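The values are calculated or read from the model by the stated rules, or taken from the named source; none is laboratory data. Keep in mind that this is a model prediction, so the values were computed, not measured. Heads up, the Cβs are rebuilt from the backbone with ideal geometry, glycines too, and the neighbour counts pull from every protein chain shown. All accessible areas refer to the heavy atoms of the entire protein, side chains included, with ligands and DNA or RNA removed. Shrake-Rupley method; radii C 1.70, N 1.55, O 1.52, S 1.80 Å.
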Amino acid sequence: MRTLFASAAQPPGLANLLTEPVFGGVWNRPGLALSDRLLCVIAALATFPRLRSLRSYINAGLDHELDGKAIREILVQAALYAGFSSAEETLPLLAEVLGDREIPFPDDPPEDVSLDELTRRGGDLMNMLHGARARLGYAASGNPTTGALYPTAIQYGYGEIWFRPGLERRQRALVAVAGFTALRLPEQVGKFGQSALNVGLTQIEVIEAIIQTAPYSGFPPALNALGALSAAFG
């Protein structure tokens, strides 16, 4: 880990709190691949966003198995959760980092899918991910209050963003778990953490994804998320 982040400056006052519990402890835990840990950190930092740290981890991701398209998709998906205004800061930052490396910014995917098709495939994906839980809580069908917004979330969240190229489904599940943890939304962490098992992740990988966010978005939110996940796993 020292070589991975050797270029990152440690701010005064933290003493050994980055090198020992963060890089020596969290980053060296078993159970989650390095590229997946980087993905989770980028997702967590993109939800605030914290651009100085995000720049360092974008560079680290590019050095370790995440290409420009993958990182763009992490930032886009995180913006769905945090608000698309965050992408107005994070995507230009990615463009700067790629430009410094003389890497072209990836082209946007084509927008040639009808609204009806977004609804259909978004609903199918939601059902595949969540099963019988797909229509519980705020997602309950027929709710006139949440139903004013949720169909749009199905169309453009599940039907659009989860189908964009650049990330595998298991990676998008990690983005969701890390992003919701950083945003202090344990109910969504429990929902997507359980559903992540349906796209190839293990319980240990989901747990580690949450733990990985703790040094970046806070230990209390991570602990609350782990509590929700424990209840979801049952």
### Criterion violated by Gly159 - all others in (1) more than 26 Å from Arg50 (Cα to Cα); (2) modelled with pLDDT under 95; (3) open to solvent by less than 60 Å² (accessible area, probe 1.4 Å) satisfied
(2)
### Query
Is at least one residue of region 177-197 β-branched (Val, Ile, Thr), at pLDDT 95 or above and within 22 Å of Val113 (Cβ to Cβ)?
no
### Task
Pull up region 65-90, narrow it to residues that are assigned to a helix (DSSP H, G or I) and more than 15 Å from the chain's Cα centre (by Cα), then point me to the one that is nearest to Glu168 (Cα to Cα).
Gly68
### Query
Looking at (1) farther than 15 Å from Leu34 by Cβ; (2) in contact with a Leu (Cβ under 8 Å, 6 or more places away or on another chain), which is the one condition that is false for Ala60?
(1)
### Message
Show the residue pairs meeting these rules: Cβ distance below 7 Å; 6+ apart or different chains; first residue within region 205-234 and free of Cβ contacts under 8 Å to residues at least 40 places away in the same chain and among the aliphatic types (A, V, I, L, M); second residue in a helix (DSSP H, G or I) and open to solvent by 30 Å² or more (accessible area, probe 1.4 Å).
### Response
Ile210/Leu226; Leu226/Ile207
### Message
Take the conditions of a type in the set (A, V, I, L, M), crowded, with 22+ Cβ neighbours inside 10 Å and in contact with an Asp or Glu (Cβ under 9 Å, 6 or more places away or on another chain) and apply them to Val175. Does it pass?
### Response
yes
### Task
Can you give me the number of residues within region 33-64 that are within 17 Å of Leu201 (Cβ to Cβ) and outside any helix (DSSP H, G or I)?
1
### Message
On the basis of being assigned to a loop (DSSP other than H, G, I, E, B), at pLDDT 95 or above, more than 21 Å from Glu168 (Cα to Cα) and of a type outside the set (A, V, I, L, M, F, W, C), does Pro104 make the cut?
### Response
yes
### Task
Residue by residue through region 189-201, note down the ones that are surrounded by fewer than 20 Cβ atoms within 10 Å (Cβ to Cβ) and in contact (Cβ under 8 Å) with a residue 60 or more places away in the chain.
Asn198, Val199
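Let me confirm something: among Glu168, Glu102, which residue is under 16 Å from the mean Cα position of the chain (by Cα) and loosely packed, with under 14 Cβ neighbours inside 10 Å?
Values: Glu102 fails: under 16 Å from the mean Cα position of the chain (by Cα).
Result: Glu168 is the single residue among Glu168, Glu102 that is under 16 Å from the mean Cα position of the chain (by Cα) and loosely packed, with under 14 Cβ neighbours inside 10 Å.
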